[in-house]
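What follows is a set of notes on a single structure, which appears directly below.
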Amino acid sequence: MNKQTPDGSAGDADYGRIGAGYAHHRRPDARIASAITDALGAVRTVVNVGAGAGSYEPVGPEVTAVEPSRSMRAQRPPHLSRAVDGVAERLPFDDDSFDAAMSTFSVHQWRDPAAGLAEMRRVARGPVVVLTCDPELVRDFWLAAYAPLVLETEARRYPLLPAIAEALGGDVAVDRVPVPLDCTDGFNEAYYGRPELLLDPGARQACSAWSFVEPDLREQYVDHLRRELESGRWDELHGPLRQEPTFDGSLVLIRALP
């Protein structure tokens, strides 16, 4: 079981160490935000579990954010509410306290995803919305040829979609979310047509899976990508992606109704 770090991070990544530039590189994308807002529907109150720096919190509803990492809570912009220091597996709220619950890019960080999802279901009267990645599709991305252990780490960490559906129960729908070419949220697949951006150490640090690879090996991965970009080999293999307006990768939106 993972232990909380001095920063308070309760999952398998230490955001006190890697989260300093998260709010800069992981800015919510308006098109993904719209999909989340539509999935939540017309609700008045929402709990955002594993809220981080506040990405994708909807405008309009009253949002209660829950985030264990001190570093991530500190990066929340002033217009958002202060986050509650807590973990998904033990939400400090009564049953049916909120109209809806949401979590974005967080469930794979939890010590016990099934317990955290059950808690979201417990405290929400209506929809539970989870933005995550399908581990069965994570490796189907060109980065696997350059940084295989990064994507192996991602695939290992993300819960299987049937397991998420079972934990949430009720009526569950899963929709693929297209990733825009100019996506402002810098997860790995966001750079599908802009590979040069992954040469930026800050961009890589904002994708937690990179932190699980030894530094020397990370540098080998980056050098490989750099060489193939400079030689034109990447463009020979993947160049058409630079013109694709969206990419259907592993990103999914799960919506569960009781």
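The values are calculated or read from the model by the stated rules, or taken from the named source; none is laboratory data. Only a predicted model underlies this, so the values are computations on that prediction, with no experimental measurement involved. All Cβ positions, even for glycine, are placed from backbone atoms using ideal geometry, and neighbour counts span all protein chains on display.
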In the range 198-223, the residues that are under 18 Å from the mean Cα position of the chain (by Cα), closer than 17 Å to Leu151 by Cα and not basic (Lys, Arg): Leu198, Ala203, Gln205, Ala206, Cys207, Ser208, Ala209, Trp210, Ser211, Phe212
Residue ranges of strands (runs of 3 or more DSSP E) in the range 38-155 with at least 1 members small (Gly, Ala, Ser): 62-66, 100-104
Hits in the range 167-183 (condition: surrounded by 14 or more Cβ atoms within 10 Å (Cβ to Cβ) and either in a helix (DSSP H, G or I) or without any contact (Cβ under 8 Å) to a residue 40 or more places away in the chain (or both)): Ala167, Leu168
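With Ala209, Ala190 as the choices, which residue is closer than 26 Å to Ser103 by Cα and either assigned to a loop (DSSP other than H, G, I, E, B) or modelled with pLDDT under 95 (or both)? Show your work before the answer.
On the way: Ala190 fails: either assigned to a loop (DSSP other than H, G, I, E, B) or modelled with pLDDT under 95 (or both).
Only one candidate passes the filter, namely Ala209.
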The range 186-226, subset of a type in the set (Gly, Ala, Ser) and crowded, with 18+ Cβ neighbours inside 10 Å, residue nearest to Pro240 (Cα to Cα): Gly193
